[in-house]
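A quick write-up on the structure given underneath.
The values are calculated or read from the model by the stated rules, or taken from the named source; none is laboratory data. What you see is a predicted model, and the numbers here were worked out from it, not measured in a lab. Backbone-built Cβ (ideal geometry, glycine too); neighbour counts: all protein chains shown.
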Amino acid sequence: MNLTQEIRIMSKIGIIMGSKSDLPVMQDAIDILKQFNIDVEVDIVSAHRTPEKLFDYGKNAHTRGFSVIIAGAGGAAHLPGMIASLTPLPVIGVPVKSSNSIDGWDSVLSILQMPGGVPVATVALNGAKNAGILAAQIIGSSDTKVMDKIIAYKEDLKISVIESAKALK
């Protein structure tokens, strides 16, 4: 390996969703984490249709090298909360506006209103990109390579806004 070749970050993020129809939303989390060079493992884990898989995933995620789990779900959106009840890892919930959703509000409230002791960090409706960024920031708190990527990303955001403001004049 030469010095210009980038070293892969050793942390891994688990990205799960209730069904394949959630993938277009969850792809934003996958893309941003790949941009930060963080490994992701993507799976479909339905809280209602595959409860055994859900329990196995939640109970064993920390032994499989995951640092954070991002869970997206629409409708009743039990997936993030159920995973959070089973794992010691931080869970970030992404409410997904789905075809069986009440304009997304059922998903938002199902993920947001967790009981004391079972936290789920919740991002905006269809906010998978922010879930990916938050997961990277969690990892970055103990990994300087990831922190450097977050700092550069935020600097790029600032430059983009400044350039857009200049273009208005």
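Can you tell me which residue within the range 48-71, out of those that are free of Cβ contacts under 8 Å to residues at least 12 places away in the same chain and among the β-branched types (Val, Ile, Thr), is nearest to Gly132 (Cα to Cα)?
Among residues in the range 48-71 that are free of Cβ contacts under 8 Å to residues at least 12 places away in the same chain and among the β-branched types (Val, Ile, Thr), the one nearest to Gly132 (Cα to Cα) is Thr63.
Condition test on Glu52, is it under 21 Å from Pro24 (Cα atoms), modelled with pLDDT of 95 or more and surrounded by fewer than 24 Cβ atoms within 10 Å (Cβ to Cβ)?
The answer is no for Glu52.
Do any residues in the range 72-101 that are over 13 Å from Pro119 (Cα atoms) have Cβ atoms under 8 Å from those of residues that are of a type in the set (D, E, K, R) and not in a loop (DSSP other than H, G, I, E, B), where the two are at least six apart or on different chains, and which pairs are they?
Final answer for the pair search is Gly72/Asp22; Ala73/Asp22; Gly74/Asp22; Gly75/Asp106; Ala76/Asp106; Ala77/Asp106; Val96/Asp22; Ser98/Asp22.
Among all residue pairs at least 6 apart or on different chains, which show Cβ distances below 7 Å where the first residue, located in the range 142-166, is among the acidic types (Asp, Glu) and the second is modelled with pLDDT under 95?
Asp143/Ile9; Asp143/Ser11
Filter the range 108-129 down to the residues that are buried (at least 18 other Cβ atoms within 10 Å of the Cβ) and not hydroxyl-bearing (Ser, Thr, Tyr) and list them by number.
Within the range 108-129, Val108, Ile111, Met114, Val120, Ala121, Val123, Leu125, Asn126, Gly127, Ala128, Lys129 qualify.
If you take the residues in the range 53-68 that are in contact with a helix residue (DSSP H, G or I) (Cβ under 6 Å, 6 or more places away or on another chain) and not in a helix (DSSP H, G or I), which one is farthest from Ser110 (Cα to Cα)?
Only one residue fits best here, namely Ser67.
Residues that are over 15 Å from Ile15 (Cβ atoms): list the helices (runs of 4 or more DSSP H) wholly contained in the range 73-169 that include at least 3 such residues.
Because the criterion is at least 3 residues that are over 15 Å from Ile15 (Cβ atoms), the helices (runs of 4 or more DSSP H) in the range 73-169 that meet it are 79-86, 105-112, 144-168.
Please verify whether Ile30 is closer than 21 Å to Ala124 by Cα and either touching a strand residue (DSSP E or B) at 6+ places or on another chain (Cβ under 8 Å) or at pLDDT 95 or above (or both), treating the condition exactly as stated.
yes
Looking at Gly81 and the list (1) under 17 Å from the mean Cα position of the chain (by Cα); (2) surrounded by fewer than 20 Cβ atoms within 10 Å (Cβ to Cβ), which single condition is not satisfied?
Unmet for Gly81, out of (1) under 17 Å from the mean Cα position of the chain (by Cα); (2) surrounded by fewer than 20 Cβ atoms within 10 Å (Cβ to Cβ): (2).
Being within 23 Å of Ser21 (Cα to Cα) and modelled with pLDDT of 95 or more, is that true of even one residue in the range 113-121?
Looking for residues that are within 23 Å of Ser21 (Cα to Cα) and modelled with pLDDT of 95 or more, one finds at least one in the range 113-121, hence yes.
Residue-by-condition table, conditions (1) at pLDDT below 95; (2) within 22 Å of Ser46 (Cβ to Cβ); (3) of a type in the set (Ser, Thr, Tyr); (4) surrounded by fewer than 17 Cβ atoms within 10 Å (Cβ to Cβ):
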| residue | (1), (2), (3), (4) |
| --- | --- |
| Ala71 | no, yes, no, no |
| Thr87 | no, yes, yes, no |
| Ile102 | yes, yes, no, yes |
| Asp106 | yes, yes, no, no |
| Ala136 | no, no, no, no |
| Lys149 | no, no, no, no |
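Pairs please, first residue from the range 106-129 and farther than 14 Å from Gly72 by Cβ, second anywhere and among the hydrophobic types (A, V, I, L, M, F, W, C) and part of a helix (DSSP H, G or I), Cβ atoms under 8 Å, 6+ apart in sequence or on different chains.
Met114/Ala84; Val118/Ala84; Pro119/Ala84
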